[in-house]
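The values are calculated or read from the model by the stated rules, or taken from the named source; none is laboratory data. Note that the structure is a prediction, hence the values are computed from the model and not measured. Neighbour counts run over all protein chains shown; Cβ positions are idealised from the backbone, glycine included.
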Amino acid sequence: MSSDATPRPLRALPGPALSGHARVPGDKSISHRALLLGGVASGETNVEGLLEGEDVLRTADAMRALGARVERLGEGSWQVQGAGVGALLEPEGPLDFGNAGTGVRLMMGLAAGHGLTVSYVGDASLSRRPMGRILDPLKQMGARLVAVTGQDRLPLTLAGPPDTIPIRYTLPVASAQVKSAVLLAGLTCPGETTVIEPEATRDHTERMLAHFGAGLDVTQDERGARNITLKGPVELQGRDISVPADPSSAAFPLVAGLLVPGSQLRLDAVMVNETRAGLLTTLEEMGADITRENARDVGGEPVCDLLVRASSLTGVEVPPQRAPSMIDEYPVLAVAAAFAQGKTVMRGLHELRVKESDRLAAVVTGLEANGVSCEAGEDHLVVHGGSGVPGGGIVATHLDHRIAMAFLVMGLAADAPVSVDDAAMIQTSFPGFTGLMASLGARFEDVAAAEAVR
């Protein structure tokens, strides 16, 4: 969502039980990767269930600018005619990724590996996010910064090398984006490109590369670290992809169903890849009544339907090693913790400091604005739950879609309505959020319109 878009304040109202069934939009991580890999594969890639949020549409525009043909055939149905590995074209102008952190970081790897010089720009939120962790390994592979404003922030121009250098790179922090950027840069690289991750991160890139025909070896060393080796140069073939429902988006109706008394709802075809299932595990530990049904495989990813019933939750301690599997879900987990009995302790949250906003700080101020006791450090959060949440606060979202959705969920179960200063940016990841929630019984009101009639 552009930083100069008109803010849309929204208020969530306490209401009756939620019920029904729904399917949340397609997974954002897989949608980005389907467009990127489809764009460098030979032949056609047909994608069903693509997330049509603004972040993913920016990646589609970027692939068009690099020479791939990307067409929307119908709702969620897209076709990509790939240029082939090594055949991307230099774009005529900067690639504008808006708020899409995943899109821009993965594209830096893909374009640098193709020897292209590309300028990257984004909105105010994305321009505050650090890019150094992506740039460091790409520089080792031969890329160089041509222009940069500030300390490794957008806007910047990155020039790929004529011949990419294969590297063996150990991730200094758990980051699927860094891992993916290195592997994508290695597609054109003769020899072996290896990424070593001491802590496992989401593995969608490895799964999808194998689906498109890349030769990958994934092993575990004596220290328990995953070693992912790509053998290049690689030829990829177009494939059909069915995008499962995004577990990060499913988190919001799921938690709402647990918190609003009397609720029972079903969420269809939610991805339950173990590298993304940390929130489910944590909520189950807290006593959540969640039943996994109809387990199956969709496009190489495990999915199931989730039956969710309102539950009495109890605070737990969430181990720091679980953070990579639920990093985007901590804001809504903090909301769930506010309604749980006792104390919930979350550690290993340093990545929240460098998301679309300083999410840890935004969560703390949002909780406090609604009468919830909490405290935070550089990488931890403690939420003191109780018998209820007073609500009634106004939450500053800082252009962060997950902060907006998390506190709107809070308002559905709090004693008083909860408002967010802007809900417009929710379109970046969950278009139709308010409509889907309303179909389950949630109540929202436009703050400006409501106040205009008073």
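Results for (1) outside the structural domain of V335 (by TED's automatic domain parsing); (2) in a helix (DSSP H, G or I); (3) of a type outside the set (D, E, K, R), shown as yes or no for each residue.
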residue	(1), (2), (3)
L367	no, yes, yes
V389	no, no, yes
L399	no, no, yes
A404	no, yes, yes
M410	no, yes, yes
S419	no, no, yes
G435	no, yes, yes
A438	no, yes, yes
E445	no, no, no
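Looking at the structure I just gave you, is R276 touching a helix residue (DSSP H, G or I) at 6+ places or on another chain (Cβ under 7 Å) and of a type in the set (D, E, K, R)? So R276 fits the description; yes. Is it the case that V383 is at pLDDT 95 or above and assigned to a loop (DSSP other than H, G, I, E, B)? Judged against the criteria, V383 is not a match.
If you filter region 259-282 down to residues that are of a type outside the set (D, E) and in a strand (DSSP E or B), you find that the one that is nearest to R226 (Cα to Cα) is M271. Being assigned to a helix (DSSP H, G or I), at pLDDT 95 or above and farther than 20 Å from L236 by Cβ is the requirement here; does I134 meet it? Yes, satisfied.
Set side by side, the residues E301, E356, E378 differ, and just one is more than 17 Å from the chain's Cα centre (by Cα), outside the structural domain of A174 (by TED's automatic domain parsing) and not aliphatic (A, V, I, L, M), which is E378.
Only residues that are at pLDDT below 95, crowded, with 17+ Cβ neighbours inside 10 Å and of a type in the set (S, T, Y) were counted across region 137-181, and they come to 1.
Do we find a residue being in contact with an Asp or Glu (Cβ under 6 Å, 6 or more places away or on another chain), surrounded by 20 or more Cβ atoms within 10 Å (Cβ to Cβ) and either assigned by TED's automatic domain parsing to the domain that holds V335 or charged (D, E, K, R) (or both) anywhere in region 248-259? Scanning region 248-259, I find at least one residue that is in contact with an Asp or Glu (Cβ under 6 Å, 6 or more places away or on another chain), surrounded by 20 or more Cβ atoms within 10 Å (Cβ to Cβ) and either assigned by TED's automatic domain parsing to the domain that holds V335 or charged (D, E, K, R) (or both), so the answer is yes. A single entry from G315, G238 fulfils the requirement of being crowded, with 16+ Cβ neighbours inside 10 Å, out of contact with any His (no Cβ under 6 Å at 6 or more places or on another chain) and outside the structural domain of I403 (by TED's automatic domain parsing): G238. Tallying residues that are in contact with a Leu (Cβ under 8 Å, 6 or more places away or on another chain), aliphatic (A, V, I, L, M) and within 16 Å of A225 (Cβ to Cβ) within region 184-211 yields 2. Report those strands (runs of 3 or more DSSP E) wholly inside region 283-349 carrying at least 1 residues which are under 14 Å from G257 (Cα atoms). Filter on region 283-349 gives 289-298, 301-309. If you check V260, V270, V316 for being among the aliphatic types (A, V, I, L, M) and either in contact with a Phe, Trp or Tyr (Cβ under 6 Å, 6 or more places away or on another chain) or over 19 Å from V389 (Cβ atoms) (or both), only one passes: V270.
As for region 202-216, it holds at least one residue that is in contact with a helix residue (DSSP H, G or I) (Cβ under 6 Å, 6 or more places away or on another chain) and without any contact (Cβ under 8 Å) to a residue 40 or more places away in the chain. Here is a list: L50, L18. Which entry is touching a residue at least 12 places away in the same chain (Cβ under 8 Å) and not assigned by TED's automatic domain parsing to the domain that holds L440? The unique qualifying residue is L50. Checked against the criterion of being modelled with pLDDT under 95 and within 30 Å of G49 (Cβ to Cβ), the candidates D400, D422 yield just one match: D400. Please indicate, with yes or no, whether at least one residue in region 203-217 is β-branched (V, I, T), at pLDDT 95 or above and within 30 Å of A68 (Cβ to Cβ). There is at least one residue in region 203-217 that is β-branched (V, I, T), at pLDDT 95 or above and within 30 Å of A68 (Cβ to Cβ).
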